Each structure stands twice: as C-alpha cells, then as structure tokens.
Amino acid sequence: MARWDVTTKEYKEFDERETPPEGVIPARVCAFIDIGTHDDRDMKGAIYQRRCLWIGYELAELDSHRTPFYMSQRLTLSMGTSSTLYKYVKALHGDVPLGEALDPDWVANKPCMLQVSHDVKVKKDKKRTYANIEGVMGCPRGVATPQGSCIVWRVQDHRTVPLPNVAHLPPLWCDVVGKMLTVPEWVNRSEEVAGKVTAQKPTPYAADSRMPSGNSDRVSQPERDVTPPRTQPVTQEEADAPVEVPF
C-alpha cells in the first residue's frame, strides 16, 4: 500500500524567551550568511527548493540581562527586482544596475531600522509572545546604532572556511522538519553540504547564487565577546512566505 504524503513532525516546546519591544528599533546587520539550498513549502503545501540567505541583526535595545537583543531572518538569496533582498539592498545601499553581482558589503554591518511586531499565541491558558521583523529600512543620520563587525560566510566555502560562531543568533523555524533550527543546523541540512549541488549538477531553483567568490577575508567574529543570553527573541519571519509556527 502506498504511503500517504503526511510526515511525522516534532513539535518542540520552546523555552520562554524575552522579546524586543514592538516598534521601529535601531539596529545593524551583524550576520550575512549563505546557508545553501533547502526544501521549502509553498502556500499550497507543495515542496520546492530555494537558495537561502540568513541575516542576523543586533538591536540597540537591551534585554533584562543588559545584553543586546538579536533577531534572525531567512530570505531567498535573489537579487530579482521583486525580491525582499533587493528591497533591503535598495534601502541600505541604494539602486543597483541590472546584471550587477551581489556584493555582501552593500548590506553587511549596515545600520538600519527594524519594524518589529509581536504575535501573541494562547493555548491551554499559556500565552507566548513572538517577535517578527515586518520591514527593514535605512537609518536616518544621527541615530545611534550598535557597533561591531559582521560575519559574512558562504556555504560553498564550508570545506575550507569553517562557519564562525553564531550561537548568539536565535534559531528559525523550519516547516519541513517541524522545529526550530540554528544556523549550523540549517547549513548541515543544505543540498550543498549533502553533496547534491555541484558545478556540474546545479539545483533547479529560481533564486540567484551571486555571492561572490573569494570573500573569505570578510568573515570575522564580532569585535567583542558575545555571550549568548539565556533569553533570546524567537522570530517566525520566513522571508517571502509567512510560516505558521506551532504553539
């Protein structure tokens, strides 16, 4: 008998995490990471593949431990003019001519303003609040933003350039496996690390992969020690398609 197309998922109880306040918050891009090609689900539940970019943000707001809030966001790695990444590049860098290869420096370590919203879920008398990134905007002159360096890394360099320590970045929901995954977990699940994507056998996806070669000199750790807080904001933002995170 043929198996039905319904898979077993692990729905994980998340630790309580402090969330940054709602509103427009000064921040900076602290991570710009190509995490590779992944299975995803469209709005009808069908599986497709896309090349993904992980962007990490350090916020100017501090939590109750006097540690900066961090947020994570996953986008399609595409510079198509209708893509979210293209909109961010325009907001933080300016117009880019058609055909121009993506330069991570256009976004990496740039000051910005995050539009943060809260999503409150209640189940069995328990309430949880999640922080979502609704938009990323340029930063007006004179607004104080966090200072530091930015981690830039490409999955295709994984054999020669180890992924830097990004434990301070909160995990993101993976709808296909049904749980939150950290940056290393996303990277290890990629088609590139699994050896399914090579120069001779590219994966058919719509996104670009225009992270330039030879960018390992831009890979750096934050300039100061970053101790992962015991509480971190959890974001459900999934780039171009909203994803429902189970309670």
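None of the figures in this text is laboratory data; all of them are computed from the coordinates on show. Owing to the predicted nature of the structure, the values given are computational and were not obtained by experimental measurement. Quick reminder, even Gly has a Cβ in these numbers, built from the backbone with ideal geometry, and neighbours come from all protein chains shown.
Some values worked out for this structure:
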read-out	value
Dipole of segment 23-214, positive end: most advanced residue of P184, G80, C150 [Cβ charges, Cα centre]	P184
Loop-located GluC sites (Glu not before Pro) in segment 26-134 whose Cβ has at most 12 other Cβ within 10 Å (DSSP)	E100
Radius ratio Rg over Rh of segment 23-214, counting only Cα atoms, Kirkwood formula for Rh	0.96
By average C-beta atoms within 10 angstrom, highest first, the peptides 79-85, 187-193, 123-129	187-193, 79-85, 123-129
Spacing of the two label points (7 Å from each Cα toward its C-beta) at K127 and D103, in nm	4.8
Trypsin sites (Lys or Arg not before Pro) restricted to segment 14-115 and DSSP loop, no more than 11 other C-beta within 10 Å	K44, R66
Relative contact order (percent, whole number), segment 23-214, Cα cutoff 8 Å, 6+ residue spacing	29
Among I133, M43, G94 the positive-end extreme of the charge dipole of segment 23-214 (Cβ point charges)	M43
Size of electric dipole in segment 23-214: Cβ of Lys, Arg +1 and of Asp, Glu -1, about Cα centre, debye, nearest 20	560
Dipole in debye (nearest 20) - segment 125-195, about Cα centre, beta carbon charges: Lys, Arg +1; Asp, Glu -1	240
Contour excess over end-to-end distance, with Cα ends at N165 and H65 and 0.36 nm allotted per residue	33.9 nm
Label point distance in nm, A194-D95, each placed 7 Å from Cα along Cα→Cβ	4.2
Other-chain or far-sequence residues with amide H under 5 Å of C174's (modelled H)	K179, M180, L181
